[in-house]
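Written out below as structure tokens is the structure these notes cover.
Each value in this text was obtained by applying a stated rule to the coordinates, not by laboratory testing. Being a predicted model, the structure only gives us computed values, none of them experimental. Cβ sites come from the backbone with ideal geometry, for glycine too, and all protein chains shown count toward neighbours.
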Amino acid sequence: MLIRAVTPADDAAIWALLGPVFRAGDTYSIDPQITAEEAVAYWRSAEKTTFIAEMDGEALGTYYLRPNQAGGGAHVCNCGYITAEAAQGRGIARAMLAHSLKTARAQGYRAMQYNFVVSTNTRAIDTWTRAGFDTVGRLPGAFLHPTKGYVDALVLYRSLV
């Protein structure tokens, strides 16, 4: 598997990854009706470094890395990850996580924080927890899940030093 920085030529592949996840509305607090252009622009916005994971030319996942805050909080980064549904269970998320931790350290970040992990996204929470992330906050009922109603969102954090 190759994980590399995205280029504009990857926009269709990025949308193919983002579209089903954003439309489902059960893991990201993104308007499920977002257009392809808006979604790709969000995922690839200027403050983010965006990557794509591929094998034999097939897009298996994508993630972005960005400062979590400005100024005095800019040493903590934030990421978002999406794995293609057909590629789930193949270690793609773990590989992107490992790549993001290495990249974050190389870029000088001292910690990584996930601000809004939907509590029903147990597969992701398990992956992040096994990688050393701690749940440092719980936002009761902060996410309106399309089938489960109001569920908690978690804040996860890991030091990189």
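Among the residues of the stretch 11-45, those identified as in contact with an Asp or Glu (Cβ under 9 Å, 6 or more places away or on another chain) and over 28 Å from Tyr150 (Cα atoms) are Asp11, Ala13, Glu37, Arg44.
For the stretch 41-68, the set of residues classified as part of a strand (DSSP E or B) and either among the charged types (D, E, K, R) or over 15 Å from Cys79 (Cα atoms) (or both) consists of Glu54, Met55, Glu58, Ala59, Leu60, Arg66, listed by residue number. Within the stretch 145-161, the set of residues being of a type in the set (Phe, Trp, Tyr) and in contact (Cβ under 8 Å) with a residue 12 or more places away in the chain comprises just one member, Tyr157. Selection within the stretch 90-102: residues that are touching a strand residue (DSSP E or B) at 6+ places or on another chain (Cβ under 6 Å) and of a type outside the set (A, V, I, L, M). The member of this set that is surrounded by the most Cβ atoms within 10 Å (Cβ to Cβ) is Ser100. Scanning the stretch 127-139 for any residue that is under 23 Å from Leu18 (Cα atoms), within 15 Å of the chain's Cα centre (by Cα) and not aliphatic (A, V, I, L, M) turns up at least one such residue.
Of all residues in the stretch 14-32, those that are free of Cβ contacts under 8 Å to residues at least 24 places away in the same chain and aromatic (Phe, Trp, Tyr) have Cβ atoms under 8 Å from Cβ atoms of residues that are in a loop (DSSP other than H, G, I, E, B) and surrounded by 14 or more Cβ atoms within 10 Å (Cβ to Cβ), 6 or more apart or on another chain, in Phe22/Tyr28; Phe22/Ile30; Phe22/Ile34.
Every residue, every condition in (1) hydrophobic (A, V, I, L, M, F, W, C); (2) within 17 Å of Glu54 (Cα to Cα); (3) part of a loop (DSSP other than H, G, I, E, B), yes or no:
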{"site": "Tyr81", "(1), (2), (3)": "no, yes, no"}
{"site": "Ala86", "(1), (2), (3)": "yes, yes, no"}
{"site": "Ala95", "(1), (2), (3)": "yes, yes, no"}
{"site": "Arg105", "(1), (2), (3)": "no, no, no"}
{"site": "Tyr109", "(1), (2), (3)": "no, no, yes"}
{"site": "Ala124", "(1), (2), (3)": "yes, no, no"}
{"site": "Leu139", "(1), (2), (3)": "yes, no, no"}
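Checking Ala111, Ala87, Ala142, Ala131 one by one, the residue that is buried (at least 17 other Cβ atoms within 10 Å of the Cβ), of a type in the set (Gly, Ala, Ser), at negative phi and touching a residue at least 24 places away in the same chain (Cβ under 8 Å) is Ala87 and no other.
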